[in-house]
Amino acid sequence: MACRIYSPERRSQLPEEMDVQDWLSEREAAVELGIAVRTLRQWRKKRISPPFAYFGRLPRYHRPTLIEYYKANQIQPQRKAQRA
C-alpha cells in the first residue's frame, strides 16, 4: 500500500481535524491514558473502547476525540449527607 503525500495546496484543503499529528498510535494512546496497550486491545474487542479508526491495519486514536470521550464519561462523586 502506497502512502499518499499531499502537496501543500492539497493539504490546505483537508479539514483541520484530519491533521495526522492529532492521531495517536495504540501505544501513544495507552501512555496518554495511563493504561496498558493490552487493555486498549481488550476494550476494542469488547467494543467498549474510546472511538478509533484504522489506518490500514493499525488502530489510531484521534487525540481531541479521545479527550472528549473521557470528559463525557466522567463520574462526579457526590457527597452523602452527614448524619447528625
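Computed from the coordinates by the stated procedures, all read-outs in this text should not be read as laboratory data. These numbers were taken from a predicted model, which means no experiment stands behind them. Neighbour counts run over all protein chains shown; Cβ positions are idealised from the backbone, glycine included.
What number of residues in the range 47-57 are loosely packed, with under 11 Cβ neighbours inside 10 Å and farther than 14 Å from ILE35 by Cβ?
Within the range 47-57, the subset loosely packed, with under 11 Cβ neighbours inside 10 Å is 47-48, 51, 54, 56-57.
In the following step, the residues that additionally are farther than 14 Å from ILE35 by Cβ were identified as 47, 51, 54, 56-57.
Count: 5.
Could you look through the range 29-84, keep only residues that are within 17 Å of ASP19 (Cα to Cα) and β-branched (Val, Ile, Thr), and pick out the one that is farthest from the chain's Cα centre (by Cα)? This residue is ILE67. Scanning the range 17-38 for residues that are loosely packed, with under 13 Cβ neighbours inside 10 Å and over 15 Å from TYR70 (Cα atoms) returns GLU17, MET18, VAL20, GLN21, ARG27, ALA36, ARG38.
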